[in-house]
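The values are calculated or read from the model by the stated rules, or taken from the named source; none is laboratory data. It should be emphasised that the depicted structure is a prediction, and the values quoted were computed from it without experimental measurement. Neighbour counts are summed over all protein chains in view; Cβ atoms, including those assigned to glycine, are modelled from backbone coordinates with ideal geometry. Accessible surface areas use protein heavy atoms only, side chains included; no ligands, DNA or RNA. Shrake-Rupley method; radii C 1.70, N 1.55, O 1.52, S 1.80 Å.
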Amino acid sequence: MPSAFEDLLIPRPEGLYCPPGEFYIDPMQPVARAMVTHGHADHARSGHGAVMASTQTLDIMAIRYGEDFAGERQEGTADPVEVNGVKVSFHPAGHVLGSCQIRLEHGGTRAVVSGDYSRVANPACAPFEPVPCDLFITEATFALPVFKHPKPSDEIAKLIASVRNFPDRPHLIGAYALGKAQRVIMLLREAGWDAPIYVHGALQRLCDYHIEQGVPLGDLRPATMDKAEAKGLREAIVISPPSAFASPWVQRFVDPVIGFASGWMQIRARARQRGVELPLVISDHVDWPDLTGTIRELNPTEFWITHGRDDALMRWAELEQRRARPLHLVGYEEEPE
Ligand SMILES: [Zn+2]
Ligand SMILES: [Zn+2]
């Protein structure tokens, strides 16, 4: 079914394209002009001619790809700027530090591209701001009625209880480098965990950047101890990217408890498959109630689904008599580093 909104946004192989503005949003391939919602690698790629994004997302891209990640940078803010006649503004998405929804306005039509987003308070980033629109573009990572994320504080309480029960076993918690790692650390701090937290070297720069941006991560120590030092630790919590569990780095820890903080940990088979003893269901994405609740709240004329599971959401839209359309954009991952 053709949509009246295709004059403003249209899916192309490179990504979502705005014809009047002549720019892409979160393109998967290098383009002349890109607007970027957030710093996760599948949304923020290097090599574009020009990038407009929040200051924090621009900083994060520079940390990950180097200062020359794009030909030109432009800061996107809540104050709209005109790009070829399209008003463009950026509004917090509550997903990771710097993450924004991008609002476009052209010829009286308002569209919001939410990127990835979450409605649950996250001490490591600004909260999602509902932005009224005619067209809302949503992800669908956890878009099945079975996905209902537990309270993050309850998951962190499980981690702390396990550390107290097994003080001699170091607890190695897998968490993606941008967002999840810092959120787990902040949740521990909020739960009163004041002791040093050990972090894998791959997380250091992004942790430092969060601290610079006013996210008080507390006493972090590099997880570079040798085997003897590691053995002497009691009640040690070590945060690392999940990929490090397959590297020689992990061998310095004797009899560790392997944990993993991810929305996917709600699926027990996934936890088992990854050899995870302590699954922590902590997600930076909306679950089913928050996703459908957001669409009801914004009540757009139409909503489009960028990536993830769209079949249940399409069925829900039909039952609610809402206009919806799956875009089947390829190239976005389920939960990237
Ligand atoms: Zn993301
Ligand atoms: Zn994504």
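What's the ranking of 91-103, 28-40 by average number of surrounding C-beta atoms within 10 Å, highest first?
Details: 91-103: 25.9, 28-40: 22.4.
Result, highest mean Cβ count within 10 Å first: 91-103, 28-40.
For K231, list the aspartates and glutamates whose Cα falls under 13 Å from its own Cα; do not include residues on the same chain fewer than 8 positions away.
Excluding near neighbours in sequence, the set is D168, D255.
Note the angle between two axes, namely the Cα long axis of helix 55-65 and the longest principal axis of the Cα atoms of the chain, as a number of degrees from 0 to 90, rounded to the nearest 10.
Long axis of 55-65 versus the principal axis of the chain: about 60 degrees.
Could you work out [θ]222 nm for the chain from helices alone, using -39500 (n - 2.57) per DSSP H run of at least four and dividing by all its residues? Round to the nearest 500 deg cm²/dmol. Walk me through the numbers on the way to the answer.
Numbers: 8 runs with 77 residues, N = 337.
Rounded to the nearest 500, it is -6500 deg cm²/dmol.
Quick check: the angle from helix 152-165's long axis to the longest principal axis of the chain, C-alpha only, nearest 10 degrees?
10
Taking Cα atoms, how many degrees apart are the long axis of helix 180-190 and the longest axis of the chain, rounded to 10 and kept between 0 and 90?
So the inclination is approximately 60 degrees.
Using Cα positions and a limit of under 12 Å, work out the aspartates and glutamates in reach of K180, with same-chain residues fewer than 8 apart set aside.
Straight-line reach from K180, under 12 Å: D284, E335, E337.
Provide the percentage of antiparallel DSSP beta bridges, counting only those with both residues in the chain; round to the nearest 5.
Numbers: 20 of 58 bridges.
The antiparallel fraction comes to roughly 35 percent.
Shape call for the range 50-177 from the C-alpha gyration tensor, a ≥ b ≥ c root eigenvalues: rounded (a/c under 1.5), prolate (a/b greater than b/c) or oblate?
Details: a/c = 3.24, a/b = 1.71, b/c = 1.89.
Oblate.
For the chain, with all protein chains present and a 1.4 Å probe, just round the carbon and sulfur fraction of the accessible area to a whole percent. Intermediate values should be presented prior to the final figure.
Numbers: 6940 of 13930 Å².
Using a 1.4 Å probe with all protein chains present, the chain comes out at 50 percent carbon and sulfur.
Under a no-solvent Debye model with one identical scatterer per Cα of the range 112-168, what's log10 I(q)/I(0) at q = 0.18, 0.26, 0.29 Å⁻¹?
So the normalised log intensities are -0.83, -1.15, -1.21.
Note down the relative contact order for the range 1-90 as a percent, whole number, built from C-alpha pairs under 8 angstrom at least six residues apart. Don't jump to the answer; show the numbers that get you there.
Working: 176 pairs, mean separation 17.0, N = 90.
This gives 19 percent for the range 1-90.
Taking the mean number of other Cβ atoms within 10 Å as a proxy for protection, how do you rank 51-59, 120-128 from highest to lowest? Don't jump to the answer; show the numbers that get you there.
Values: 51-59: 23.1, 120-128: 18.3.
Top to bottom by mean Cβ count within 10 Å: 51-59, 120-128.
Sorted by average packing, counted as other Cβ atoms within 10 angstrom per residue and highest first, what order do 301-307, 19-25, 105-111 take?
In descending order of packing, they fall as 301-307, 19-25, 105-111.
Just to verify a number: FRET efficiency for D79 and E14, C-beta to C-beta distance, R0 = 45 Å, to 0.05?
With R0 = 45 Å, the Cβ-Cβ based efficiency is 0.95.
How high is the relative contact order of the chain, given as a whole-number percent (alpha carbon pairs under 8 Å, six or more residues apart)?
Working: 737 pairs, mean separation 56.4, N = 337.
Reported relative contact order: 17 percent.
How much length, in nm to one decimal, is gained on full extension between Q204 and R315, taken as 0.36 nm per residue of separation minus their Cα-Cα distance? Don't skip to the end; give the middle numbers.
Working: separation 111, 0.36 × 111 = 39.96 nm, distance 4.32 nm.
Gain on extension, Q204 to R315, equals 35.6 nm.
Where only protein heavy atoms count, and the probe is 1.4 Å, what is the accessible area per residue for the chain in Å²? Walk me through the numbers before you get to the answer.
Values: 13930 Å² over 337 residues.
I get 41 Å² per residue for the chain.
Hey, got the dipole for the chain? About the Cα centre, +1 on K and R Cβ, -1 on D and E Cβ, debye to the nearest 20?
1040
With just the Cα atoms defining each centre, how far is the range 22-53 from the range 244-310? Give it in Å.
24
If I take every Cα pair under 8 Å that is 6 or more residues apart in the range 64-121, average their sequence separation and divide by the length, what percent do I get for the relative contact order? Don't skip to the end; give the middle numbers.
Numbers: 83 pairs, mean separation 13.5, N = 58.
About 23 percent, as a whole number.
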